[in-house]
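Written out below as structure tokens is the structure these notes cover.
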Amino acid sequence: MRLLPFLFLCLTAISSASARDGKPNILFILADDLGWGDLGCYGNRTIRTPNLDAMAREGTLFTQFYVNGSVCSPSRCAFFTGQYPARQRIHGHFATPEQNTARGMSSWLDPQVPNAARLLKSAGYTTAHIGKWHLGNNSGGPAIQDYGFDHVGSTEKEGANGPAADPYYRAKSTARFVDECLAFIDRCGDTPFYLQLWTLVPHATLNPTPEQMQPYARLRAGGPKFPHAAAIEIFAASVTDLDTQVGRLLAGLKQRGKDQDTLILFSSDNGPEDIHIGNAGHSGVGSAGPFRGRKRSLYEGGIRVPGILRWPGKIPAGRIEDKAVLSGVDWLPTLCQLVGARLPADLALDGEDASDVLRGQSRPRTRPLFWEWRFNIAGEPFHHSPQLAVREGDWKLLLNPDRSRVELYDLKTDLTQLNNVAEHHPELVEKLAQQATTWAKTLPPGPRDPAAGKMNYALPGSRPAGPAAASKAKRSP
């Protein structure tokens, strides 16, 4: 009889090993409007991010990590589907059905499109999404569960519109999301999990608690003795709390013995918000590092974001990878390769398998990257990019479809994109322009803002200033 418990334990261990079969847990943490230069490990000397800095030391920090849209919904679609978002008629952020229609957009991502959750679930993963979604407007659209998630926790609605009795309900959202993540991980047991934690911060509006702001009182405009906080204090406090909660989640993985077999990606959905947006509040002081452009712009600051990956023993520790170019559309094919998930034979992916790059190889991309932005861009004209962009190797070309603006930059020597060398490389310009315009013709047609792709400024007398202009900026996607 003593043999039976022993056999039971053996069978349980075999079953657990079979379920895992060497597959890592996968944790995808996506911040909202966090700029390339907002973390200590990316050079910020004001904001304290010790936990993410430690994650970078224990894994690989990518200096050339891109999203595939310059605002939230498009970039999230690309991570989730491995396809450029415009293929799904996601050109800007999902808003009201009327606004979506006016911009030639769908109102939600089609749940039948193959995605990371459904493909990993077919490979034996338990899947969950917690936090901001923004791939549908929740106005009669599909539920998040319809996309292949076994568990869906709190989302942006609960995080933004919590009990009126707690004015800091949203400021505490990341802590609440992490609590839910740890509870989900506990329920998974030995089954491998795919968990998306997409935070609300540091997207506007920010309202950190007094405890969160206390370490940054020195940043107030008149010093700590003045009661009114400066924007940078509020922003820094919010980012540091994000870092604190990420650290708590990583500690929770370690306490549960899961940190060594968990692949973690930390990134952001786009570059930092522009201070000129009417509802930006205190989020408009984020840093794009050395780059030109902010959210909505196709210059580097709008689309180049933090990219930190950690998987002990598999992803090299302490590595700063400054040669390989990774992108959001690479996430799905890379995961499927790593875990053995079978891709549909008819699925046309825009990304590429970068599993070799994660493991330590440094190589150029096998295909170029493309972007489009059909709408106006807030802020100084310096950040107003053309409507299309393509990157191949170290070269990046930006242009309007009618070629009213053509800009070529060597990103190896001109990070800030100040020196347009298009006139010196006509053959390269023609090659890249043909690639970009040919790609754009494959995308669903739709309206474009009259100001799209123009480097314009409202000179005195050209249009009304003041509240009307501010209101228009506030409505911008």
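The values are calculated or read from the model by the stated rules, or taken from the named source; none is laboratory data. Because the structure is predicted, anything quoted here is derived from the model rather than measured. No Cβ is skipped: glycine too gets one built from the backbone with ideal geometry, and neighbour counts run over all protein chains shown.
Between Arg248, Arg296, the distinction of being closer than 21 Å to Ala171 by Cα and either crowded, with 24+ Cβ neighbours inside 10 Å or not hydroxyl-bearing (Ser, Thr, Tyr) (or both) belongs to Arg248 only.
Against the test of being within 27 Å of Asp353 (Cβ to Cβ), small (Gly, Ala, Ser) and in a loop (DSSP other than H, G, I, E, B), the options Gly140, Gly124, Gly104, Gly92 yield a single qualifying residue, Gly124. Could you give every pair whose Cβ atoms fall below 8 Å, whose first residue belongs to region 332-348 and is in the same structural domain as Gly82 (by TED's automatic domain parsing), and whose second residue is β-branched (Val, Ile, Thr) and part of a helix (DSSP H, G or I), counting only separations of at least 6 or pairs across chains? As it stands, the answer is Leu332/Thr81, since those pairs meet every condition given. Please verify whether Ser362 is out of contact with any Phe, Trp or Tyr (no Cβ under 6 Å at 6 or more places or on another chain), touching a residue at least 24 places away in the same chain (Cβ under 8 Å), surrounded by fewer than 18 Cβ atoms within 10 Å (Cβ to Cβ) and hydroxyl-bearing (Ser, Thr, Tyr), treating the condition exactly as stated. So Ser362 fits the description; yes.
Looking at Pro386, Pro444, which one is on the phi < 0 side of the Ramachandran plot and surrounded by fewer than 18 Cβ atoms within 10 Å (Cβ to Cβ)?
Working: Pro386 fails: surrounded by fewer than 18 Cβ atoms within 10 Å (Cβ to Cβ).
Of Pro386, Pro444, the one residue that is on the phi < 0 side of the Ramachandran plot and surrounded by fewer than 18 Cβ atoms within 10 Å (Cβ to Cβ) is Pro444.
Criterion applied to Ala183, Ala217, Ala230 was being among the small types (Gly, Ala, Ser) and either surrounded by 19 or more Cβ atoms within 10 Å (Cβ to Cβ) or out of contact with any helix residue (DSSP H, G or I) (no Cβ under 9 Å at 6 or more places or on another chain) (or both), and the one residue passing it is Ala183.
Only one residue in Asp243, Asp274, Asp259 is under 30 Å from Ile303 (Cα atoms), at pLDDT 95 or above, assigned by TED's automatic domain parsing to the domain that holds Leu52 and within 18 Å of the chain's Cα centre (by Cα). Which one?
Asp243
Within region 36-89, the set of residues being without any contact (Cβ under 8 Å) to a residue 40 or more places away in the chain and either of a type in the set (Ser, Thr, Tyr) or buried (at least 24 other Cβ atoms within 10 Å of the Cβ) (or both) comprises Pro74, Pro85.
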